[in-house]
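Each remark here refers to the structure printed beneath this line.
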Amino acid sequence: MPTQEEEFLKRLRATFNIEAEEHLQAIASGLLELEKAPPLARQQGVTEAIYREAHSLKGAARAVNLSDIEAICQALESVLAAWKQQRLNASAEMFDTLHRSVDAIRNVLAFPETAHGAVDPRQHSELIQRLGRLQTRVPSTSHVSPVRAESDRPESP
């Protein structure tokens with residue numbers, strides 16, 4: 001028979017799952033909007049909103065002892081902070097990694113009994129390392145440039 005504490009944590013996690021999905025949806029929607037390269041003022045607002053969503057999700061994950069989600073969110077926050085400070089340029093790799101982060105968090109939520117979701121914990125570690133490497137990219141000099149498809153890029157002389 002579960003203890004009162006275990007029952008409370010179970011109810012808390014059920015509430016967390018609903019809230020987490022809302023945060024993840026907002027993050028994913030924001031990333032999709034940023035991929036369209038809106039004007040700089042809009043980019044800044046969307047980046048700030050995504051940052052706040054990741055921060056809120058990180059705190060909620062900490063409250064329910066989901067350290068994998070907390071760690072991924074912390075790495076997301078770091079990338080978004082660098083982006084807010086215009087120390088990053090947008091790239092297909094960056095968006096891919098950010099979207100993979102959202103997918104990894106959803107995976108942990110779908111399989112909470114394993115604590116790491118359906119993936120090997122090393123994959124989360126590798127994802128966090130990729131997010132960390134994004135922060136060491138060439139600094140931006142103005143605004144986040146649009147991510148273009150290969151066919152949209154100008155031809156070399």
Among the candidates ALA37, ALA81, ALA63, which residue alone is out of contact with any Lys or Arg (no Cβ under 6 Å at 6 or more places or on another chain) and closer than 23 Å to PHE16 by Cα? ALA63
List the residue pairs whose Cβ atoms are under 6 Å apart, where the first residue sits in the stretch 1-16 and is under 18 Å from ARG62 (Cα atoms) and surrounded by 10 or more Cβ atoms within 10 Å (Cβ to Cβ), the second is small (Gly, Ala, Ser) and at pLDDT 90 or above, and the two are 6 or more positions apart or on different chains. PHE16/ALA60
Picking from VAL46, VAL64, which residue would you name as being open to solvent by less than 40 Å² (accessible area, probe 1.4 Å), farther than 24 Å from GLN135 by Cβ and out of contact with any strand residue (DSSP E or B) (no Cβ under 6 Å at 6 or more places or on another chain)? VAL64
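The values are calculated or read from the model by the stated rules, or taken from the named source; none is laboratory data. Because the structure is a prediction, the values reported are computed rather than measured. FYI the Cβ positions are ideal-geometry reconstructions off the backbone, even for glycines, and counts take in every protein chain you see. Surface areas here come from the heavy atoms of the whole protein model, side chains and all, with no ligands, DNA or RNA. Shrake-Rupley method; radii C 1.70, N 1.55, O 1.52, S 1.80 Å.
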